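The values are calculated or read from the model by the stated rules, or taken from the named source; none is laboratory data. This structure is a prediction, so every number in the text was calculated from the model and none was measured. Neighbour counts are summed over all protein chains in view; Cβ atoms, including those assigned to glycine, are modelled from backbone coordinates with ideal geometry.
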Amino acid sequence: MVSTSNSRTSLEDELDKLENSLTVQIENGLTGYQDAQAGCSIAQSEIANARGALSKSPPDELAARAALANGRKAYDEALAKTPGLWRIVNIYGLLWLAVFVAWSVGIGLALYGLRDNGDLSVFSQVPFWVPLYGALGAVLQGFTSVIFHVHLRTIRRIWLGWFVFCPFIGAVTAIIAFFLLDAGFRLWSAEGGANGASGQRDLAQVLVSILAGYKWGWVTGVLDKIPALKSPA
């Protein structure tokens, strides 16, 4: 009984993935190509057939698996009938990866240019490399996001703006994280715990900047906890 339940859950998950991918690619303009329209219609019909087979009592898993296979085949055939450039952008995500490669090269060149100018700063207090490492963390986040969605074939064209500007958001969150970390080091120093810790402090700031760019929610989570720290027990 447990095995049957797990099998049905697995089938439903596969149907959800197929349906989600099909929906996303239709949003990206898949049905705008006449040769792909028939395949999309067949895929949608087979997904409905599979769900209908699973809703029976008892569920007809064999029929559901057959419909799922037919739906995948029709979907793949529809994708194959689109222009190569469309597939490069919407299926393989090469445009988005190219954006992040360009960002990586730009950030790398900027960091290389700072190797002899480590005293440059932003807002007179923040080392210039802090937002750069934050932007690099955001680029890493973008890479992993693209790879994940390429695997599922769920890249949305409307995400281009986010992919282009996410390094700026990473830079800002890295600056915020720098001030939080700097405040912690100042408190530690006041308590006599910063002796010989200059190298550790620089390394911590680099790592925290990258983490802040890669995982913005971590920074906002820390900020949310600050009022609680100030409030009386």
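Of note:
- Scanning region 150-185 for residues that are surrounded by fewer than 17 Cβ atoms within 10 Å (Cβ to Cβ) and among the charged types (D, E, K, R) yields R156, R157, D182.
- Considering G184, G93, the condition of being in contact with a His (Cβ under 8 Å, 6 or more places away or on another chain) and either at pLDDT 85 or above or closer than 16 Å to L207 by Cα (or both) is satisfied by G93 alone.
So that you can scan it fast, the table gives a plain yes or no per residue for (1) in contact with a strand residue (DSSP E or B) (Cβ under 9 Å, 6 or more places away or on another chain); (2) surrounded by fewer than 19 Cβ atoms within 10 Å (Cβ to Cβ); (3) not charged (D, E, K, R):
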{"residue": "L30", "(1), (2), (3)": "no, no, yes"}
{"residue": "Q37", "(1), (2), (3)": "no, yes, yes"}
{"residue": "S55", "(1), (2), (3)": "no, yes, yes"}
{"residue": "E61", "(1), (2), (3)": "no, yes, no"}
{"residue": "K73", "(1), (2), (3)": "no, yes, no"}
{"residue": "N90", "(1), (2), (3)": "no, no, yes"}
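- Output for region 8-38, where each listed residue is more than 29 Å from the chain's Cα centre (by Cα) and small (G, A, S): A38
- Here T82 fulfils each of the conditions (1) assigned to a helix (DSSP H, G or I); (2) over 19 Å from L160 (Cα atoms) apart from (1).
- Screening the candidates R65, R87, R51 for the property of being within 30 Å of I169 (Cβ to Cβ) and among the charged types (D, E, K, R) yields one hit, R87.
- Being outside the structural domain of I147 (by TED's automatic domain parsing), touching a helix residue (DSSP H, G or I) at 6+ places or on another chain (Cβ under 7 Å), small (G, A, S) and within 30 Å of F143 (Cα to Cα) is not true of A64.
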